[in-house]
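K.L.:
Input: one structure, supplied below.
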Amino acid sequence: MHATVGDTLLVHGRTVGQHDRTAEVIEVLGHDGEPPYRVRFRDDGHEALMSPGPDSVVRHPERPAGLGGEPGTLGSGPGAMT
């Protein structure tokens, strides 16, 4: 699992009735984007230090249009840095 500041961490509920939670990664404490992460939960603003397990998914924000390439990739189109 790799994340950067600004990514969203989706933590799936583990039991019936437990809802999924989303948190924003506000600090990466591991080496090269690996856990642990300091996160802020969107539903209540609570901050926590997490080493996410298999019930979690990192979602990366999409790149704005016009930067070249597909979202989430480096491209060589108009506006791309060379």
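K.L.:
What percent do you get for the relative contact order of the range 1-65 when only Cα pairs under 8 Å and 6+ apart count? Each step should come with its number before you reach the end.
P.N.:
Working: 135 pairs, mean separation 23.0, N = 65.
The value is 35 percent.
K.L.:
For the range 1-51, which trypsin sites (Lys or Arg not before Pro) pass both filters: DSSP loop (anything but H, G, I, E, B) and at most 16 other C-beta atoms within 10 Å? If you can, show how the numbers build up before the last one.
P.N.:
Values: sites: R14, R21, R38, R40, R42; in loops: R14, R42.
Answer in residue order: R14, R42.
K.L.:
Calculate the spin-label point distance for L29 paired with V16, positioning each point 7 Å from the Cα along the beta-carbon direction, and give it in nanometres.
P.N.:
Each label point lies 7 Å from its Cα, and together they span 3.6 nm.
K.L.:
Kindly provide the GluC sites (Glu not before Pro) of the range 1-64 that DSSP labels as loop, not H, G, I, E or B, and whose Cβ sees at most 14 other Cβ atoms within 10 Å. Each step should come with its number before you reach the end.
P.N.:
Numbers: sites: E24, E27, E47, E62; in loops: E62.
Hits after loop and neighbour filter: E62.
K.L.:
Shifting gears a bit: If each of V5 and D43 carries a label point 7 Å out from its Cα toward its Cβ, how far apart are those two points in nm?
P.N.:
Between V5 and D43, the simple spin-label model gives 2.7 nm.
Here, each number is a calculation from the coordinates, and none is a lab measurement. What you see is a predicted model, and the numbers here were worked out from it, not measured in a lab. Please note: Cβ atoms are built from the backbone with ideal geometry, for glycine as well, and neighbour counts cover all protein chains shown.
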